[in-house]
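**Q** Quick one: this structure, given as structure tokens, is what I'll be asking you about.
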Amino acid sequence: MSTRTESVDAPAGEARITWHTARAAKLVLALGHGAGGGIEARDLQALAAALPARGVTVALVEQPWRVAGKKVAAAPKVLDEGWRAVWPALERPGLPVVAGGRSAGARVACRTAAELGAAGVLALSFPLHPPGKPEKSRAEELLGAGRPVLVVQGGRDPFGRPEEFPAGEYELVEVDSGDHGFAVPKKADLTQDEALAVITGAAAPWLARLTG
């Protein structure tokens, strides 16, 4: 695996891609971050570390607001514009591109997947609703992705526990006891490393099926 960083001009400013390139890559997995953090998130880093050895190049995408050092995420429309701006760079290797991300990044991936021709969507900690407000559902974004979707959700995620998700044409894997950042309490039945292994262990075979 090799690692490099690339800057991309977007309407709201400079976006950035950190490439974790597989030697014999079969596809590119592009992952956006959430509204409360960047690509240092434990799930994004775990996927970037584990998947290149399985033939998946992982591209961690930083939105312009994050590159600029701002603490508040841009509006959804601006996030979508930033994602569209980096897409040609993601396609440059000539491989199928799976759109993905955590939380707000998962929403962006779902909203733009069909338009951009993504091979699938990996939705990590999809924020089904704001905490404590299940009536404000974002299920329409998930169900309208128009592509194969894998949701990986923490069992105690306040933005939507696995049992709250509606029926639909997608797969869902639960990380037992995980919160919105997939952190697990010390008293949980699995360790933090085991929780991350659930994420990478679910993503790898699902991605392999997308490439036949």
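The values are calculated or read from the model by the stated rules, or taken from the named source; none is laboratory data. Everything numeric in this text was worked out from a predicted model, so none of it was measured. Reconstructed Cβ throughout: ideal geometry from the backbone, glycine too, with neighbour counts over all protein chains shown. Each accessible area value is taken on the protein alone, full model and side chains, heavy atoms only, with ligands, DNA and RNA left out. Shrake-Rupley method; radii C 1.70, N 1.55, O 1.52, S 1.80 Å.
**Q** Within the stretch 152-163, is there a residue that is without any contact (Cβ under 8 Å) to a residue 24 or more places away in the chain and under 15 Å from the mean Cα position of the chain (by Cα)?
**A** Checked against the condition, which is being without any contact (Cβ under 8 Å) to a residue 24 or more places away in the chain and under 15 Å from the mean Cα position of the chain (by Cα), the stretch 152-163 yields no hits at all.
**Q** Here's something else I'd like to know. Only one of (1) surrounded by fewer than 16 Cβ atoms within 10 Å (Cβ to Cβ); (2) touching a His at 6+ places or on another chain (Cβ under 6 Å) fails for I39. Which number is that?
**A** Evaluating I39 over (1) surrounded by fewer than 16 Cβ atoms within 10 Å (Cβ to Cβ); (2) touching a His at 6+ places or on another chain (Cβ under 6 Å) leaves (1) as the failure.
**Q** Out of all the residues in the stretch 173-210, which are open to solvent by 60 Å² or more (accessible area, probe 1.4 Å) and either touching a helix residue (DSSP H, G or I) at 6+ places or on another chain (Cβ under 6 Å) or in contact (Cβ under 8 Å) with a residue 60 or more places away in the chain (or both)?
**A** E174
**Q** Within the stretch 98-112, which residues are buried (at least 24 other Cβ atoms within 10 Å of the Cβ) and either of a type in the set (A, V, I, L, M, F, W, C) or modelled with pLDDT under 95 (or both)?
**A** V98, A99, A106, V108, A109, C110
**Q** If I ask for residues that are of a type in the set (V, I, T), under 25 Å from D179 (Cα atoms) and over 12 Å from the mean Cα position of the chain (by Cα), which ones from the stretch 54-109 would you list? If you could, list the steps in order and put the result at the bottom.
**A** Residues of the stretch 54-109 that are of a type in the set (V, I, T), as a first pass: 56-58, 61, 67, 72, 78, 86, 97-98, 108.
Restricting the remaining residues to those that are under 25 Å from D179 (Cα atoms) gives 58, 61, 72, 98, 108.
Of everything in the stretch 54-109, just one residue is of a type in the set (V, I, T), under 25 Å from D179 (Cα atoms) and over 12 Å from the mean Cα position of the chain (by Cα), namely V72.
**Q** Return yes when E164 is out of contact with any Phe, Trp or Tyr (no Cβ under 9 Å at 6 or more places or on another chain) and modelled with pLDDT under 95 and no when it is not. I'd like the intermediate steps shown before the answer.
**A** Numbers: out of contact with any Phe, Trp or Tyr (no Cβ under 9 Å at 6 or more places or on another chain): yes; modelled with pLDDT under 95: no.
So E164 fails the test.
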